[in-house]
Each structure stands twice: as structure tokens, then as C-alpha cells.
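The values are calculated or read from the model by the stated rules, or taken from the named source; none is laboratory data. Bear in mind the structure is a predicted one, so any value in this text is a computation, not a measurement. Because the Cβ atoms are built from the backbone with ideal geometry, glycine has one as well, and the counts that use them run over all protein chains shown.
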Amino acid sequence: MHSKQDPCCHPGLMHPDQAIPKLLDQVQPTRDTEIVPLSHAMGRILAEDLASMLDLPPFDNSSMDGYAFRLADLQHSNTLKLAGYSFAGHPYEGQYLPGSCVRIMTGAPVPECYDTVQMQEKTQADGELITIEAPDAIGANVRERGEELKAGDKVLTKGTRIGAAEMGVLATIGQSQVRVYRKLTVAFFSTGDELRPVGTELAPGQIYDSNRYSILGLLQKADVDWLDLGVIADDPEAIRAAFKEASANADMVLTSGGVSVGDADYTKQILDEEGEITFWKMAIKPGKPFAFGKLGNAVFCGLPGNPVSSMVTFYKIVMPLLQKMQGLPAQPVLSLKATLTNPIRKHPGRVEYQRAILSRNDAGELQVCTTGSQGSGMLTSMSLANSFIVLPQMQGDTPAGSVVDVEPFTDVLN
């Protein structure tokens, strides 16, 4: 016998772990690529495997300021005669002389026939006579040619998002330009006569359009181009025109509101007429209603209207869709275990994402507490939080002291 909260009593309610793979199967990575200068490659997605065109390092070089010498020469005497200098960009060009050493700086080429470097602090200089104290093994403090990479070795793989480290790697292998996937464009707008632009006066019954700004911030984090169509009045032809403009100029069309059961507006009607849209009921809280499909050649995602629901469904559903469309491989979500410091009330039936603050206690152990009231209209709860406490679908009340799953989101949502 099923309880009232048993999801089996609600056959239209789908667990997000089942729904998200089905949605991902319906989008494809972009195949459009372009070549950009390295200076403009930050944040872009690599569209091909890249191999090094040279050995790294390209020559034997010193990892220390000191003296280069041939270790075998110390069998006769620890005091060597200074033969010259090797600086970064200005290598020693003389011949090897038995019983000699070369003053060398970090990164400078180790002269041919010299095989070891002693740091300056373990030497004594008396004019041109240099005494090597406590010599190390052969090859000490020498970075050998090709020890990091050989010419032809794969350096970066297709689907890599280029960050600061990758920028440096590309420069290191001499890559002045790079082939990347075209940036996606996402068009978005809000509908509702009650919504007013920020900075205008509110009449009775009106609210500011906050969702559009949350969505804008999320899209900037996702590193896509965006097309903001503003607030569209509750007028069927205005909504139709907005959908047509959005789908003609974007890879994805994104809206918030107008997709839940019982919404008395024109959004669903126009979607049915202009696109191929399905309405999904997710076993997720906040964020149960979600619309997905096609508008022309664009993917359509309809988010719930409540501010927190909108952000949660973007984080859990839209972000993975965008990542796949961008050409990124599947991105695993970081999940940590932490001790709950306050009790949580929960009815079984949906996976809940409670806004939370993750921290460490005095013993260095991870602990987590909710931000307080968890209403889906309380957008301040997202601002206070740095993570979600993820409570399983059939879990009920959770007492303080329980170990819970936590997904940090600071880098994604803040």
C-alpha cells in the first residue's frame, strides 16, 4: 500500500536522475568551429586534440642559480675554474674545459658536456676558483630536454575548456591561435504584466523582474553569448513575436514562468503552436515544472517562475544541456559528505535541494547548516548559500548530527 507521498502514486513525476539523461539525449554538441587568437581563447572550448610541436623543456636547463659542471671532474678536486656564464636567453658558447664550471642562472641552458648544477648557496667563490660543497648526484638541478613533453605528445584534448593554465600551456608549445567551438547564443525573456524593469516605479500588484537578472548571471557563468529580449507583455502576438525572434537568433531559448499546471497565460498556447514542446514534472524541490523541446532550430527550456526554482532547475538541468551543446564532456558534480548542524523537515516524494552554508568546525571537519526558511520565492536564500544539501527522494525529516550529501555551487551560481 502506497503512502500519499509515494512517487509511485504520481506516475508523471520523474526522478531527476532519470529525466536529465533523457533530456541530454535530445541535444547535440555544436559542430561549428572557428580559429581565434590565443589572447581571445580564454573560456572557449577546444575543438581538436592538440599535440606539442616541440620538446618541453626544449633544452637541458638549470632549475637553480648556481654553477654547472661535470660531476666526474670532482674526482680530482672540488675546486673548479670558472669558464664563463650561461644566462636565460644568453647561453654559454664556449668549449668544455676539463676541471671547469660555468656560472648559470635559473632557466638558462646547461652547456654541452656539463651534467650537474650546484646551487649557489653550496659553493664558495674565490675569484675565478669555485669550490663545490657537498656535491649531489649526477644530473642534480638539471631539467632535461623533453622531461615534461616530447614533440608529438598530446597536450590538450578536444572538449577542454581553456582556462588560465591552458592559456599558458598553449603559449608554451608555441600555439598562437587555436580552433574552438563557436560560442552558443541563448535568448531569454520574461512574461507577465506584473513584472516591471528594475529602476521603474512599482504600481500596486507589480514586482521587479528579478529572474531575468539571475538568468543573465548564470548565462555569463556558462560563457555563452546572450540575447536579452526583456519583459514581454501577456499578449499572444507579442509572445509569438518574441519566440520567433529568439528562435531565429539563438541556439537556445530560455524563459521563466508560464510552464506550471494551471498557469493562466498564453505562453503554453504559443509554444504548442510554434514548437514541439513537452512538459515535464520533476521529482525535485524546488523546481517541479519544466518545459523542454524545439522552437525552430533552437532548443527551448522553460523554467519555473519562482526565483529559487528557476535557479535550481538551471543548475541541475539547463547547465548540463548547455555544456553538452558547447562540446564539453559530461561534468561530474562535486558531492561532499558533511554533518548537519540543524534539523530539516522534509516530506518524502521529491529530491530536495536545500540552500545551505558549508564550513569547517574547529576540528577541521565539514559541517553544513541551512540558510533558514526554504521558500521557493526567497531569493535571498541563494545569496546567503554556498551549497545545496541534497536530500533523497524518499527521505523524511533529517535530525541534526546526520551526515548529508552537499553540492558546493559557489563557482557556478555566485
Worksheet, complete the sentence: Those residues of the range 175-227 which are among the charged types (D, E, K, R) and within 30 Å of V36 (Cα to Cα) amount to R179, R182, K183, K221, D223, D225
Fill in: Count - residues of the range 320-346 that are surrounded by 18 or more Cβ atoms within 10 Å (Cβ to Cβ) and closer than 16 Å to S387 by Cα
3
Discussion item. Anything in the range 202-255 that is of a type in the set (S, T, N, Q) and either in contact with a Phe, Trp or Tyr (Cβ under 8 Å, 6 or more places away or on another chain) or within 26 Å of I45 (Cα to Cα) (or both)? List them, or say none.
Written reply: S214, Q220, S247, N249, T255
Discussion item. Restricting to the range 131-188, give me the number of residues that are under 23 Å from Q331 (Cβ atoms) and basic (K, R).
Written reply: 6
Worksheet item: Does F279 satisfy being assigned by TED's automatic domain parsing to the domain that holds R212, part of a strand (DSSP E or B) and free of Cβ contacts under 8 Å to residues at least 24 places away in the same chain?
Response: yes
Practice prompt. Please list, ordered by first then second residue, the pairs with beta carbon atoms under 6 Å, 6 or more apart or interchain, first in the range 74-94 and more than 27 Å from P57 (Cα to Cα), second among the aromatic types (F, W, Y) and surrounded by 13 or more Cβ atoms within 10 Å (Cβ to Cβ).
Written response: L80/F69
Worksheet item: Looking at the range 140-152, which of the residues that are in contact with a strand residue (DSSP E or B) (Cβ under 6 Å, 6 or more places away or on another chain) and part of a loop (DSSP other than H, G, I, E, B) is nearest to L38 (Cα to Cα)?
Response: G152
Worksheet item: Taking into account only those residues within the range 253-276 that are in contact with a strand residue (DSSP E or B) (Cβ under 8 Å, 6 or more places away or on another chain), part of a helix (DSSP H, G or I) and at pLDDT 85 or above, which is surrounded by the most Cβ atoms within 10 Å (Cβ to Cβ)?
Response: L271
Practice prompt. From I344, I357, I317, grab the single residue that is under 30 Å from R31 (Cα atoms) and of a type outside the set (F, W, Y).
Written response: I317
Worksheet item: Where residues in the range 224-243 are in contact with a helix residue (DSSP H, G or I) (Cβ under 8 Å, 6 or more places away or on another chain) and at pLDDT 90 or above, which of them is surrounded by the most Cβ atoms within 10 Å (Cβ to Cβ)?
Response: F243
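Yes/no matrix, rows are residues, columns are (1) out of contact with any Gly (no Cβ under 8 Å at 6 or more places or on another chain); (2) not in a loop (DSSP other than H, G, I, E, B):
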{"position": "M311", "(1), (2)": "yes, yes"}
{"position": "M319", "(1), (2)": "yes, yes"}
{"position": "A330", "(1), (2)": "yes, no"}
{"position": "T339", "(1), (2)": "no, yes"}
{"position": "N342", "(1), (2)": "yes, no"}
{"position": "S373", "(1), (2)": "yes, no"}
{"position": "M382", "(1), (2)": "yes, yes"}
{"position": "I389", "(1), (2)": "yes, yes"}
{"position": "V404", "(1), (2)": "yes, yes"}
Worksheet item: Just one of the numbered conditions (1) farther than 18 Å from L219 by Cβ; (2) part of a strand (DSSP E or B) is not true of M167; which one?
Response: (2)
Item to complete: Report, ordered by the first and then the second residue, all pairs with beta carbons closer than 6 Å, sequence separation of six or more or different chains, a first member in the range 128-157 that is outside the structural domain of G168 (by TED's automatic domain parsing), and a second member that is exposed (fewer than 13 other Cβ atoms within 10 Å of the Cβ) and among the polar types (S, T, N, Q).
Response: T131/Q124
Worksheet entry | Count of residues meeting criterion [surrounded by 15 or more Cβ atoms within 10 Å (Cβ to Cβ) and more than 23 Å from R145 (Cα to Cα)] in the range 101-128 | 2
Discussion item. Is it the case, given these coordinates, that A298 is under 23 Å from D193 (Cα atoms) and either among the aromatic types (F, W, Y) or at pLDDT 90 or above (or both)?
Written reply: no
Item to complete: Could you tell me which residue of the range 357-414 is modelled with the lowest pLDDT, considering only residues that are under 19 Å from the mean Cα position of the chain (by Cα) and exposed (fewer than 13 other Cβ atoms within 10 Å of the Cβ)?
Response: N414
Item to complete: Could you check D49 against (1) modelled with pLDDT of 95 or more; (2) surrounded by 14 or more Cβ atoms within 10 Å (Cβ to Cβ); (3) of a type outside the set (S, T, Y); (4) farther than 19 Å from C113 by Cβ and say which number it fails?
Response: (2)
